[in-house]
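To keep things clear, I will list the structure first and then write my remarks on it.
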Amino acid sequence: MADNNTIVAAQGLVKKYGIVTAVDGVDLGIAPGECFGFLGPNGAGKTTVMRIISCFLPPTSGTVTVFGLDVTKEPSRIKSRLGVMPQEDNLDPDLSVFENLIVYARYFDIPKRDSVPLANELLTFVELQDRGGMNIKELSGGMKRRLMLARALVNTPELLILDEPTTGLDPHSRRAVWERLNQLKFRNTTLLLTTHYMEEAERLCDRVAIMDSGRVVAVDAPQNLMEKHGGDLEDVYLKLTGRSLED
Amino acid sequence: MKIRRAWRVLQRHWTVYTKLYKSSFALNFIEPVLYLLAMGMGLGMFVADINGQSYIKFIGPGIIASSSMFAAVYECTYGTYIRMTFQKTFDAILATPVNIDDLIAAELAWAAVKSVIYGVTIMIVVALFGIVDSWLLVLAVPCIFLCGLIFAEISMITTALVPGIDSFSYFYTLFMTPLFLFSGIFFPVDTLPRAVAGVAWFTPLYHLVNICRAFAAGKVAVVLGSVVWIAVVAVVLALVPFRLMRRRVIQ
């Protein structure tokens with residue numbers, strides 16, 4: 001799978017925390033420009049896979065390459081080309097909305113003369129252009145998600161990793177985030193996301209991997225999965241996952 | 001570890017500090033002044049000269065040392081812990097080209113810088129009290145930086161090991177308070193039983209107090225041993241916080 005045309009490639013990926021196996025032999029290949037989604041119950045290992053791809057956790061065994069670089073050997077080079085939007089709010093509460101972007105850009109060695117116009121552009125992109133001076137505490141949940149998306153884009157990433165990008169958002173905010181992600185897809189950014197919303201997966205993802213108990217139980221286009229297993233995507237999901245819950 | 005990447009994190013801390021210093025600065029500044037007033041001027045009225053020095057002159061340099069110590073310790077206990085857990089600032093930074101070693105290096109260096117900021121501030125206060133005999137005291141600044149690094153390292157080791165934020169109370173009560181009381185700030189440690197006084201030699205604050213007091217009196221040569229002690233320990237301890245924090249943050 002690891003040909004030149006693969007942005008992310010995982011072979012035999014295993015991650016253990018002590019005696020718990022969170023990821024149990026995952027193989028993956030994600031193509032440039034693709035939007036790839038992970039579906040699966042809580043604890044299925046989706047977030048762990050994403051954190052390994054973002055060079056945050058080392059795999060216990062197996063290999064993972066991003067842009068053809070090994071995640072354990074060249075994390076900084078990989079991370080300079082990645083954008084990460086995590087599940088939980090980790091905006092810097094000591095800084096304003098605008099400063100969050102400027103300081104973040106600095107970690108990527110983007111000088112201020114470039115990051116100031118960039119931050120304005122990104123705030124406009126996520127419709128927060130009037131909130132630059134606000135404190136993080138004053139933002140609503142939806143605004144925080146949008147700001148985290150803007151922050152994940154400061155280095156113009158080739159691959160954007162989104163962990164439950166719309167969880168906890170009202171329908172308007174969710175659509176606003178989808179709209180932005182579609183624009184990024186249009187610009188050929190590779191997207192990798194986890195979600196619990198079947199509608200989100202169907203709307204955005206070219207392919208989805210359904211995970212259960214640390215394994216990938218199916219990978220295909222949502223349309224193909226529905227044709228193969230019958231019913232809508234949620235039916236497919238329920239059919240393929242949750243065995244561990246019934247045990 | 002890359003200096004440039006650690007520098008980026010240091011810049012973040014500086015940006016935040018210059019934004020918030022007005023609210024936090026006063027607290028760290030008021031406490032030492034209260035000690036100087038209460039102990040130096042109040043209690044000092046009833047205390048005989050120590051080694052030919054008035055009591056306030058005796059404790060002044062010690063307060064410089066302890067203020068710089070607490071600045072570094074707060075930064076790498078509560079400060080680092082909050083950034084690591086509640087605020088998840090570590091997670092955000094580690095998603096950029098900055099790696100864990102760069103981040104920890106920056107945390108330690110920033111704590112040492114804060115030691116210097118507070119040490120120098122109190123130095124000015126003590127000088128304004130008119131109890132500094134020699135300008136050589138300025139030479140204590142690099143020692144304050146190195147000792148700040150030692151306190152940062154010890155605090156970071158604690159932060160890497162505590163199960164929760166409440167556990168810091170043990171560190172403060174069982175380690176910091178005895179250090180503060182028995183490092184020769186308020187009385188010469190050789191007034192204590194020999195075994196107790198001997199323990200002081202193994203603690204960093206004792207040496208920094210010695211250095212500040214001797215430099216303030218213009219006597220540099222007598223504390224060269226303490227200068228060497230601080231430099232050696234700062235280097236010897238350095239690798240431990242990196243190893244422990246790597247284990248704590250990346251499982």
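The values are calculated or read from the model by the stated rules, or taken from the named source; none is laboratory data. None of these values were measured; they are calculated from a predicted model. No Cβ is skipped: glycine too gets one built from the backbone with ideal geometry, and neighbour counts run over all protein chains shown.
Things to note:
- Among the residues making up the range A:145-196, a single one is within 14 Å of chain B (Cβ to nearest Cβ), touching a Pro at 6+ places or on another chain (Cβ under 9 Å) and of a type in the set (V, I, T): A:I161.
- Flag for A:A119 being at pLDDT 95 or above, buried (at least 19 other Cβ atoms within 10 Å of the Cβ) and away from chain B (no Cβ under 12 Å): yes
- Among residues of the range A:35-46, those that are surrounded by fewer than 20 Cβ atoms within 10 Å (Cβ to Cβ) and either within 14 Å of another protein chain (Cβ to nearest Cβ) or on the phi < 0 side of the Ramachandran plot (or both), counted: 2
- The residue of the range B:47-89 that is nearest to the chain's Cα centre (by Cα), among those that are buried (at least 21 other Cβ atoms within 10 Å of the Cβ) and over 22 Å from B:Y21 (Cβ atoms), is B:G62.
- Candidates B:A127, B:A160 - the one that is more than 17 Å from the chain's Cα centre (by Cα), assigned to a helix (DSSP H, G or I) and closer than 22 Å to B:A106 by Cβ: B:A160
- Here B:R4 clears all of (1) assigned to a helix (DSSP H, G or I); (2) more than 20 Å from the chain's Cα centre (by Cα); (3) within 14 Å of chain A (Cβ to nearest Cβ); (4) surrounded by 12 or more Cβ atoms within 10 Å (Cβ to Cβ) except the condition numbered (4).
- Residue within the range A:106-128 that is touching a strand residue (DSSP E or B) at 6+ places or on another chain (Cβ under 7 Å) and touching a residue at least 40 places away in the same chain (Cβ under 8 Å) present: no
- Out of A:P93, A:P86, A:P75, one residue alone is facing chain B (nearest Cβ under 7 Å), touching a strand residue (DSSP E or B) at 6+ places or on another chain (Cβ under 7 Å) and surrounded by fewer than 23 Cβ atoms within 10 Å (Cβ to Cβ). It is A:P86.
- Restricting attention to the range B:8-46 and to residues that are among the basic types (K, R) and buried (at least 17 other Cβ atoms within 10 Å of the Cβ), the residue that is nearest to A:P93 (Cα to Cα) turns out to be B:R12.
- Some residue of the range B:79-96 being over 23 Å from B:S167 (Cβ atoms) and part of a loop (DSSP other than H, G, I, E, B): yes
- Looking across the range A:1-58, just one residue is within 15 Å of the chain's Cα centre (by Cα) and among the acidic types (D, E), and that is A:E34.
- Residues of the range A:14-33 that turn out to be within 19 Å of A:D220 (Cα to Cα) and either buried (at least 16 other Cβ atoms within 10 Å of the Cβ) or touching a Pro at 6+ places or on another chain (Cβ under 8 Å) (or both), as a count: 4
- Scanning the range B:26-54 for residues that are under 26 Å from B:I230 (Cα atoms) and of a type in the set (S, T, Y) yields a total of 1.
- Qualifying residue in the range B:25-40 (condition: without any contact (Cβ under 8 Å) to a residue 40 or more places away in the chain and within 14 Å of chain A (Cβ to nearest Cβ)): no
- Yes/no for B:E107 being within 20 Å of B:L146 (Cβ to Cβ) and either within 14 Å of another protein chain (Cβ to nearest Cβ) or not acidic (D, E) (or both): no
- Residues in the range B:72-104 that are of a type in the set (D, E, K, R) and over 21 Å from B:F171 (Cβ atoms) were compared, and the one that is farthest from the other protein chains (Cβ to nearest Cβ) is B:D101.
- Among residues of the range B:7-50, those that are assigned to a helix (DSSP H, G or I) and in contact with a Ser or Thr (Cβ under 9 Å, 6 or more places away or on another chain), counted: 12
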